[in-house]
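One structure is given here, and the rest of the page talks about it.
The values are calculated or read from the model by the stated rules, or taken from the named source; none is laboratory data. Here the structure is a predicted model, which is why all the values come from computation and not from measurement. Every residue, glycine among them, receives a Cβ derived from its backbone with ideal geometry; neighbour counts consider all protein chains shown.
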Amino acid sequence: MDDVAIKNIRKLALADSLNHFNPKAADSIYRCVLRDSSDENRSNYISALVGLSSVYRNRSSIDTAVATLNKAIELANSVYDTSALLNCFLELGNMYLDLGNSTQSENCFKKGLSLATKINSAKYQNKFLLSLGNSQHDRGDYPLAVKTFTEGVKIAEKSNDEQTLAAALENLSFTIKYTGELNEAIAYMKRSLQIRKKQNLIREYAMGLQNLGILYRNAEKDDSALIIYHQAYDILYGLNDSVNMVKVRYNIGVILKNQKKFREAELEMNSILVFCREKNINDGQIYALSALASIYEQTNRAAKGLDAIDSSISMAQRYRLNANLSILFDRRHEILAAMGRYSEAYQAALTSGNISDSLLSLEKLREIATLKTRFETERKESENISLKKDIEVQNSRMWILRIGIILGSLVFIVMTILFYIRQKQVKQQKQLAEEKFIRIEHEKRSKETELEKIMIENQMKEQELVFQSLVQADLIRINRSVKEKLLPFKLKLPRKNQQDEFEQVMNGLTRDAGKDPLTEFELLFRQLHVSFYDNVLRICPDLTKTELHVCAMIRLNLSTKDIARLTNINISSIEMTRFHIRKKLNMEQGENLAAFLMTV
């Protein structure tokens, strides 16, 4: 192997490491390898094409990425490079899988599996079986996916590939869970954990323990889940993984609370609160305070629970976590209602409804109506008591007046004067009280109006961003269509100068066709939410750039259809991307992805 080939191998390794973090630099390096690769060594040329296709995919240039991979497959076939051909099939299948095209992806995986079986490569057989099983799992064919993963387990066992065996067992466990065989899923997950422990893969072992804890909770084996979570916490503590440590301990506290072990749950949540304050983990503090409020309420300490929920609301307002605010105000109105403070509970419920981005549910409307009825009843009862007291006072005064008349005109005059003075004082006091009440209500409404104004301004900015991005995406799509339709007319012009002039005019009309709407979207989004991308990557560094863009659009409450318009990807691909995001974030079934991203 000559020096140029060795340098190209090093360049390829560097480009592969830069692909997700600096795609522009990776693009330049791949093109450099394509230029320098000689005819004698086409392996580096093919590897550069595969890497370049992944750059195009991250830029959402799917057609170009597929064309580049097909070129690599054609070249690998011509030089009989089996290893390169297998890598091309694997990359192309994964690309179709990300796009949600299960038919095309499974065709690629089956071709690769057939070739790997033909050359008796257990390594590539395992890769294609795992990818094929994931594709079958994603389209909901769980029995077939179980069969595929089981075959992968057998091949990994036969070839003594323990690392692949652990991955196959974990995938098999997750798939069997959806068939309802939780005990069998737990058994496979335990086998996967044993292998990773043997291989000393500490972080992967800790993540697997968390997944096992989820399976135990689904199987309603809370005591076993607690043991597993404690083991995971000890490992994560050694790795200094603060975010996952908080998640594990929060799950422990929730299990204890559900088991009515309120004292232990309270200690756990207080410990989480202290830890999050030291590590400056805002979300952890908010969730811990909310959980503590629930514990206090269930242990007849509603006042303390109200203090805890008010503290969490204050933090959420400080960091503008609107999704959390809606949930927290719901929790506040429940506590206030349990305390019999229906007026404040009614206001808290209304605040929650105003914060929420969607319309209130029927159940919420009924709950607010009930609270309003209780508040009105309480107010009327108070007015009746006050009226009754006033009547009693008036009767007493009339009785005194009668006695005064009997005792004499002098006493009558004195009483009349005293009565007049008293009435005047009462009137003055009442007038002052009414003025004070009106002033307080005016100040309160002013503050509420100001808060609503701030919220509306933020919503308007987000709506403007969404509108501009969608309009630009549609405009670019129209420009491209116009360009495609006008291009044939160029060839019909008889003279070269006429063709050049036609092309200049056409380029001027469609100058925006080559722009990427996602670039301006990302720039404007970062101005609105400065730290969103960094926070998401800190939670899950494995997210691709496309997945980051989709996370941002979900954060803005875009529908799947609008996301597809903006990214120029079909709706099924967007739905599959959402599934992969949930999977990478280790989100449990039933958790709301949009609500989670609102907290980031």
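For the stretch 570-600, the set of residues classified as more than 19 Å from PRO541 (Cα to Cα) and in contact with a Lys or Arg (Cβ under 7 Å, 6 or more places away or on another chain) consists of ILE571 only. Considering only residues that are closer than 25 Å to PRO23 by Cα and part of a loop (DSSP other than H, G, I, E, B), look in the stretch 546-599 and name the one that is modelled with the lowest pLDDT. Filtering the stretch 546-599 for residues that are closer than 25 Å to PRO23 by Cα and part of a loop (DSSP other than H, G, I, E, B), the one modelled with the lowest pLDDT comes out as ASN568.
Pairs only if they're at least six apart or on different chains, beta carbon under 6 angstrom, first in the stretch 88-106 and buried (at least 21 other Cβ atoms within 10 Å of the Cβ), second of a type in the set (Phe, Trp, Tyr) and in a helix (DSSP H, G or I); list them, first residue then second. So the pair list comes out as GLY93/PHE109; SER105/TYR96.
The number of residues in the stretch 550-579 being under 12 Å from the mean Cα position of the chain (by Cα) and either crowded, with 20+ Cβ neighbours inside 10 Å or under 21 Å from LEU524 (Cβ atoms) (or both) comes to 8.
Could you identify the single residue in ALA206, ALA219 that is within 23 Å of MET269 (Cβ to Cβ), touching a residue at least 12 places away in the same chain (Cβ under 8 Å) and within 26 Å of the chain's Cα centre (by Cα)?
Numbers: ALA219 fails: within 23 Å of MET269 (Cβ to Cβ).
Result: ALA206 is the single residue among ALA206, ALA219 that is within 23 Å of MET269 (Cβ to Cβ), touching a residue at least 12 places away in the same chain (Cβ under 8 Å) and within 26 Å of the chain's Cα centre (by Cα).
One line per residue, one yes/no per condition, for (1) aliphatic (A, V, I, L, M); (2) surrounded by fewer than 21 Cβ atoms within 10 Å (Cβ to Cβ); (3) in contact with a Gly (Cβ under 9 Å, 6 or more places away or on another chain):
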site	(1), (2), (3)
ALA122	yes, yes, no
ASN126	no, no, yes
GLY140	no, yes, no
LYS147	no, yes, yes
ASP161	no, yes, no
SER173	no, no, no
GLU181	no, yes, no
ALA185	yes, no, no
TYR188	no, no, no
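Among residues of the stretch 76-91 being at pLDDT below 85 and hydrophobic (A, V, I, L, M, F, W, C), the one that is farthest from LEU14 (Cα to Cα) is VAL79.
Listed here are the helices (runs of 4 or more DSSP H) enclosed by the stretch 231-304 that have at least 1 residues being of a type in the set (Val, Ile, Thr), modelled with pLDDT of 85 or more and more than 23 Å from ARG538 (Cα to Cα): 242-258, 282-298.
Limited to the stretch 526-545, what total is found for residues that are assigned to a loop (DSSP other than H, G, I, E, B), over 23 Å from THR64 (Cβ atoms) and of a type outside the set (Ser, Thr, Tyr)?
Start the filter on the stretch 526-545 by keeping residues that are assigned to a loop (DSSP other than H, G, I, E, B), which leaves 529-531, 540-544.
Those still in the list that are over 23 Å from THR64 (Cβ atoms) too: 529-531, 540-542.
Filter once more, keeping what is of a type outside the set (Ser, Thr, Tyr): 529-530, 540-542.
Final tally of qualifying residues: 5.
Looking at the stretch 105-198, none of the helices (runs of 4 or more DSSP H) lying wholly inside it contains 3 or more residues that are out of contact with any helix residue (DSSP H, G or I) (no Cβ under 6 Å at 6 or more places or on another chain) and aromatic (Phe, Trp, Tyr). Of all positions in the stretch 25-33, none carries a residue that is touching a residue at least 12 places away in the same chain (Cβ under 8 Å), in contact with a Cys (Cβ under 8 Å, 6 or more places away or on another chain) and in a helix (DSSP H, G or I).
With the requirement that a residue be modelled with pLDDT under 85 and either among the hydrophobic types (A, V, I, L, M, F, W, C) or over 21 Å from SER531 (Cα atoms) (or both), what does the stretch 309-328 give you? Once the filter is applied, which keeps residues that are modelled with pLDDT under 85 and either among the hydrophobic types (A, V, I, L, M, F, W, C) or over 21 Å from SER531 (Cα atoms) (or both), the stretch 309-328 yields ALA316, LEU321, ALA323, LEU325, SER326, ILE327, LEU328. Among the residues of the stretch 107-120, write down those that are crowded, with 22+ Cβ neighbours inside 10 Å and farther than 24 Å from LYS584 by Cα. Selection gives GLY112, LEU113, ALA116. Being among the hydrophobic types (A, V, I, L, M, F, W, C) and in contact (Cβ under 8 Å) with a residue 40 or more places away in the chain is true of VAL243.
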